[in-house]
1. Conditions: (1) among the aliphatic types (A, V, I, L, M); (2) open to solvent by 30 Å² or more (accessible area, probe 1.4 Å); (3) within 24 Å of Leu166 (Cα to Cα). Ala92 meets all but one. Number of the miss?
2. Being on the phi > 0 side of the Ramachandran plot, modelled with pLDDT under 95 and either touching a strand residue (DSSP E or B) at 6+ places or on another chain (Cβ under 6 Å) or not β-branched (Val, Ile, Thr) (or both) narrows it down to one of Gly105, Gly184, so name that one.
3. Does Asn193 satisfy being in contact with an Asp or Glu (Cβ under 8 Å, 6 or more places away or on another chain), farther than 17 Å from Ser9 by Cα and either among the hydroxyl-bearing types (Ser, Thr, Tyr) or open to solvent by 30 Å² or more (accessible area, probe 1.4 Å) (or both)?
4. For the range 129-153, what are the residues that are polar (S, T, N, Q) and under 23 Å from Phe78 (Cβ atoms)?
5. When the residues of the range 143-190 are narrowed to those that are among the acidic types (Asp, Glu) and under 15 Å from the mean Cα position of the chain (by Cα), which ends up surrounded by the fewest Cβ atoms within 10 Å (Cβ to Cβ)?
6. Could you please let me know if Val115 is closer than 28 Å to Lys53 by Cβ, open to solvent by 30 Å² or more (accessible area, probe 1.4 Å) and modelled with pLDDT under 95?
7. Can you report the number of residues in the range 111-140 which are under 25 Å from Arg23 (Cβ atoms) and over 12 Å from the mean Cα position of the chain (by Cα)?
8. Are there helices (runs of 4 or more DSSP H) fully within the range 25-130 with at least 2 residues that are out of contact with any Gly (no Cβ under 6 Å at 6 or more places or on another chain), farther than 23 Å from Val141 by Cβ and without any contact (Cβ under 8 Å) to a residue 24 or more places away in the chain? List them.
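The values are calculated or read from the model by the stated rules, or taken from the named source; none is laboratory data. Predicted, not measured: the structure shown is a model, and the values here were computed from it. Methodologically, a virtual Cβ is constructed for each residue, glycine included, from the backbone with ideal geometry; neighbour enumeration extends over all protein chains shown. SASA here: full protein model, heavy atoms, side chains in, ligands and nucleic acids out. Shrake-Rupley method; radii C 1.70, N 1.55, O 1.52, S 1.80 Å.
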Amino acid sequence: MSIKLRLISKWIPEFILIKELDRLSDLTNNHLEMLLNRYSVSPQFIEKPSNGKLEERRAIMAASHNLHVNALIEVLGFEKALEIGRKEMFKAGYELGCEAKKRLGVGSDIKDALVAARILYKVLGIKFSIEENEQTVLLLVKYCALANHYTPETCKIMSAADEGVLKGLNEKMDMKFFKRITEGSKNCKACINIEN
């Protein structure tokens, strides 16, 4: 594990969390806006505050995601919006994961990728644990600040970004969510497959 990754995993000042949240928000919203433009829909905007607490900024990002996803569903219907929305969000997440891999000095070790994922999830207000056995690795989200704001439809589409992030952090890892807090589950659960 790189020194940078180790240090950042221990403590991140709030101003850096805010800066990273703004970057992540801009990236995901830009990808959603490109999709809406492709289908001749004018995206609605929510003004991002120039100052404000982390939790407020998370809520604004989630509201913006909800607006964009709802507009996509109105135009395409849920099934088509889900299909193309998840593809686009996977691409956005993959881009974010590759960027984070370089910036944080993530090595090829699976544990490095999970430490980096924990850092990125801290930006979003998400706490998770990992459960492993011989067959599978399970990511268990115990708390998600975005679940209080996302619609189930938005969560289903945006979770593809998480799947892309993990792939960007380590090409050998594939993650797929199968339970979500926004759909009434106590926890979000994702299965992580790791190539040998």
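1. With (1) among the aliphatic types (A, V, I, L, M); (2) open to solvent by 30 Å² or more (accessible area, probe 1.4 Å); (3) within 24 Å of Leu166 (Cα to Cα) applied to Ala92, the lone miss is (2).
2. Working: Gly184 fails: modelled with pLDDT under 95.
The unique qualifying residue is Gly105.
3. Details: in contact with an Asp or Glu (Cβ under 8 Å, 6 or more places away or on another chain): yes; farther than 17 Å from Ser9 by Cα: yes; either among the hydroxyl-bearing types (Ser, Thr, Tyr) or open to solvent by 30 Å² or more (accessible area, probe 1.4 Å) (or both): yes.
In short, yes.
4. Initial filter on the range 129-153 (polar (S, T, N, Q)): 129, 133, 135-136, 148, 151.
Within the range 129-153, Asn148, Thr151 meet the criteria.
5. Narrowing the range 143-190 to residues among the acidic types (Asp, Glu): 153, 162-163, 171, 174, 183.
With under 15 Å from the mean Cα position of the chain (by Cα) added as a condition, the list becomes 153, 162-163, 174.
Values: Glu153: 19, Asp162: 26, Glu163: 22, Asp174: 14.
The extreme case among them is Asp174.
6. Details: closer than 28 Å to Lys53 by Cβ: yes; open to solvent by 30 Å² or more (accessible area, probe 1.4 Å): yes; modelled with pLDDT under 95: yes.
The answer is yes for Val115.
7. The first filter runs over the range 111-140 and keeps only residues under 25 Å from Arg23 (Cβ atoms), leaving 111-128, 139.
After this cut, where a residue has to be over 12 Å from the mean Cα position of the chain (by Cα) as well, the list is 111-116, 127-128, 139.
The total comes to 9.
8. Numbers: elements: 54-76, 78-104, 110-124.
It comes to 78-104.
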